[in-house]
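Here is the structure we will look at.
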Amino acid sequence: MKRKNHTSYTNRYILLGLSIFCALMMLLSSFSDKVAGPFRAFANITVIPLQQGINHIGGWMGDMKDNFSTLKQLQAENEKLQEQVDALTTENNYLQEERYEYERLQELYKLDQQYAEYEKTAAHVIGKDSGNWFSTFTIDKGRVDGIAVDMNVLAGSGLVGIVTEVGPTWAKVRSIIDDANNISGMVLSTSDTCIVSGDLSLMSTGQISFDQMENNDNVVAVGDQIVTSYISDKYLQGILIGSVSEINVDSNNLTRSGYIIPAVDFRNIQEVLVITTTKAELTGEGQTE
């Protein structure tokens with residue numbers, strides 16, 4: 001009898017609990033709209049901005065990762081481009097050097113054709129004495145190449161100088177601007193002769209001097225060409241020395257003197273032509289220079 005009453009009480013408690021649960025659910029249901037509002041406002045103030053910040057940071061970090069990858073890619077491309085620039089610069093310098101050499105060789109070819117009656121050999125300058133000017137220098141051709149003392153040397157548009165010393169594979173050249181050089185020259189248009197003297201102190205003005213030209217009725221003007229004369233023992237006749245830049249009558253009124261602009265740039269000589277025949281071999285005579 002007691003057990004039956006205990007079971008009956010248990011069922012009642014369960015029924016009561018279910019009834020209370022249903023009542024609470026109905027109560028919450030009736031207040032759900034009113035309760036959601038404050039919670040939603042709280043979320044708008046705190047949770048949503050935090051979530052947006054986190055999303056922003058995540059996006060920024062993603063952009064940084066992309067930018068870093070792009071930067072590495074740009075650096076790699078820049079290195080490749082720099083290598084190409086370096087290669088093109090080297091190639092351009094090589095082409096420029098070839099162009100300058102080609103132009104110099106063209107000048108030598110024209111010079112060779114201008115004095116076609118003489119046998120010549122080309123040589124490179126391999127050394128020079130101290131100073132800004134090529135007053136004396138060394139070439140890479142010597143005795144084994146047929147070079148001999150007193151052979152005339154050409155470059156640019158005319159006469160450079162003369163061979164003064166010869167070794168087996170080299171030779172030294174004294175140019176017409178050297179202080180020790182005196183050349184018998186001649187005005188091409190009038191055949192008036194003169195003495196052309198080397199003078200390094202004048203080279204800062206780009207000139208050399210001449211004197212002992214007869215003061216006669218022949219008109220010699222600025223721009224007239226001076227060539228080697230027929231009376232020189234060591235210099236072949238008719239090789240261009242330069243052009244007259246100034247001419248004056250001397251105080252004795254018997255002679256004229258002045259200045260010449262050389263036909264060769266004596267600041268820069270890289271290749272020359274050596275005439276492989278001397279004046280003495282052509283004439284068989286022993287006159288003074």
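If you take the residues of the stretch 237-271 that are under 13 Å from Gly185 (Cα atoms) and β-branched (Val, Ile, Thr), which of them is surrounded by the fewest Cβ atoms within 10 Å (Cβ to Cβ)?
Val244
Going through the stretch 128-147 one residue at a time, which ones are touching a Gly at 6+ places or on another chain (Cβ under 8 Å) and more than 16 Å from Val160 (Cβ to Cβ)?
Within the stretch 128-147, Gly142, Arg143 meet the criteria.
Give the stretch 167-176 a look and list any residue that's open to solvent by 30 Å² or more (accessible area, probe 1.4 Å) and more than 20 Å from Leu111 (Cβ to Cβ), or say none.
Scanning the stretch 167-176 gives Pro168, Thr169, Trp170, Lys172.
For residues that are more than 17 Å from Arg267 (Cβ to Cβ) and in contact with a Phe, Trp or Tyr (Cβ under 8 Å, 6 or more places away or on another chain), scanning just the stretch 177-197, find the one that is surrounded by the fewest Cβ atoms within 10 Å (Cβ to Cβ).
Ile195
Under 8 Å by Cβ, and 6 or more places apart or on different chains, what pairs join a residue from the stretch 129-149 that is assigned to a strand (DSSP E or B) with one that is open to solvent by 50 Å² or more (accessible area, probe 1.4 Å) and hydroxyl-bearing (Ser, Thr, Tyr)?
That search, which allows pairs on different chains as well, returns Thr136/Thr164.
For the stretch 198-236: of the residues being under 17 Å from Tyr115 (Cα atoms) and in contact with a helix residue (DSSP H, G or I) (Cβ under 8 Å, 6 or more places away or on another chain), which is most open to solvent (accessible area, probe 1.4 Å)?
Checked the stretch 198-236; the qualifying residue most open to solvent (accessible area, probe 1.4 Å) is Lys234.
Looking only at residues in the stretch 153-166 that are open to solvent by 40 Å² or more (accessible area, probe 1.4 Å) and not β-branched (Val, Ile, Thr), which one is modelled with the lowest pLDDT?
Here the answer is Ser157.
If you take the residues in the stretch 128-152 that are touching a Leu at 6+ places or on another chain (Cβ under 7 Å) and of a type outside the set (Ser, Thr, Tyr), which one is surrounded by the fewest Cβ atoms within 10 Å (Cβ to Cβ)?
Per the stated criteria, the residue is Trp133.
What number of residues within the stretch 235-283 satisfy the criterion of being under 38 Å from the mean Cα position of the chain (by Cα) and outside any loop (DSSP other than H, G, I, E, B)?
16
Given the condition closer than 24 Å to Ala122 by Cα and among the polar types (S, T, N, Q), answer yes or no: does some residue in the stretch 209-228 qualify?
Scanning the stretch 209-228, I find at least one residue that is closer than 24 Å to Ala122 by Cα and among the polar types (S, T, N, Q), so the answer is yes.
Can we say Tyr115 is modelled with pLDDT of 65 or more, open to solvent by less than 70 Å² (accessible area, probe 1.4 Å) and either touching an Asp or Glu at 6+ places or on another chain (Cβ under 9 Å) or under 30 Å from Ser175 (Cβ atoms) (or both)?
yes
The values are calculated or read from the model by the stated rules, or taken from the named source; none is laboratory data. The model shown is predicted, which means the values in this text are computed figures rather than measured ones. In this analysis, Cβ positions are derived from the backbone assuming ideal geometry, glycine residues included, and neighbour counts consider all displayed protein chains. Side chains included, ligands, DNA and RNA excluded: accessible areas come from the protein's heavy atoms. Shrake-Rupley method; radii C 1.70, N 1.55, O 1.52, S 1.80 Å.
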